[in-house]
Amino acid sequence: MGVTAQPGPGAATPHGGAGSGSEARRDRVDLGRAVGPIVGAMAISDDAARLYANDPSAPALGIELVTADDDGAVVHMVVTAEMCNGFAIMHGGMAFLLADSAMAFASNSQPVPALATSAEIDWLAPARAGDVLTATASRSWSSRRAALWDVEVTNQHGDRVAIFRGRTRQVPNADT
């Protein structure tokens with residue numbers, strides 16, 4: 001049974017926030033704050049929720065897990081001034097990190113751990129402080145242990161910011 005994201009200003013994140021008890025923190029992602037109201041509930045697999053709860057980089061960078069299952073994942077991030085370079089545009093590594101995070105949550109939405117083996121990104125448009133980015137990962141191919149993921153990063157206007165392609169491999173004996 002998957003976890004359901006609960007939108008709203010009082011919702012907790014898997015890393016803390018409003019709500020009571022550790023279960024409340026693991027079961028909800030605050031979406032209303034940055035991206036507005038969400039219509040309907042979106043499923044997050046238990047395995048992806050567990051990975052998110054153990055990922056210190058996601059909350060540090062404001063990455064919010066919206067949905068994740070075996071076929072894909074969606075994450076959001078608000079670009080901050082600290083993420084921008086000397087040209088006042090988001091550093092390309094931040095777009096890569098967001099897209100890689102979407103791939104990680106999708107590829108780890110089942111019990112067998114999967115790690116990235118390769119990835120590449122094409123930056124298509126700049127993002128600036130205050131922009132809300134969404135990375136949507138979808139599985140484009142898979143075999144028994146490997147998968148190829150396409151991730152599109154868009155801004156709050158629906159404009160493409162980057163296109164990412166990555167490969168993952170299941171690692172049953174990974175020390176995760």
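The values are calculated or read from the model by the stated rules, or taken from the named source; none is laboratory data. Owing to the predicted nature of the structure, the values given are computational and were not obtained by experimental measurement. Neighbour counts run over all protein chains shown; Cβ positions are idealised from the backbone, glycine included.
Of note:
- Checked against (1) surrounded by 19 or more Cβ atoms within 10 Å (Cβ to Cβ); (2) modelled with pLDDT under 95; (3) in contact with a helix residue (DSSP H, G or I) (Cβ under 8 Å, 6 or more places away or on another chain); (4) not aromatic (F, W, Y), L51 meets all criteria but (2).
- Qualifying position, being within 18 Å of S45 (Cβ to Cβ), touching a Phe, Trp or Tyr at 6+ places or on another chain (Cβ under 9 Å) and surrounded by 15 or more Cβ atoms within 10 Å (Cβ to Cβ), among V161, V151: V151
- Filtered by the rule that a residue be in contact with a Gly (Cβ under 7 Å, 6 or more places away or on another chain) and of a type outside the set (A, V, I, L, M), the stretch 81-106 gives a lone residue, D100.
One line per residue, one yes/no per condition, for (1) of a type in the set (F, W, Y); (2) crowded, with 17+ Cβ neighbours inside 10 Å; (3) at pLDDT 95 or above; (4) in a loop (DSSP other than H, G, I, E, B):
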| residue | (1), (2), (3), (4) |
| --- | --- |
| A41 | no, no, no, yes |
| V66 | no, yes, yes, no |
| E82 | no, no, yes, no |
| A95 | no, yes, yes, no |
| D100 | no, yes, yes, no |
| A104 | no, yes, yes, no |
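- Test for A73: is it under 12 Å from the mean Cα position of the chain (by Cα) and either at pLDDT 95 or above or buried (at least 18 other Cβ atoms within 10 Å of the Cβ) (or both): yes
- Within the stretch 68-80, the set of residues being among the charged types (D, E, K, R) and assigned to a loop (DSSP other than H, G, I, E, B) comprises D70, D71.
- Of note, A147 does not satisfy the criterion of being aliphatic (A, V, I, L, M) and within 12 Å of the chain's Cα centre (by Cα).
- N173 meets all of the listed conditions (1) without any contact (Cβ under 8 Å) to a residue 24 or more places away in the chain; (2) surrounded by 14 or more Cβ atoms within 10 Å (Cβ to Cβ) but one, namely (2).
- In this structure, S118 does not satisfy being under 22 Å from H157 (Cα atoms) and in contact with a Gly (Cβ under 7 Å, 6 or more places away or on another chain).
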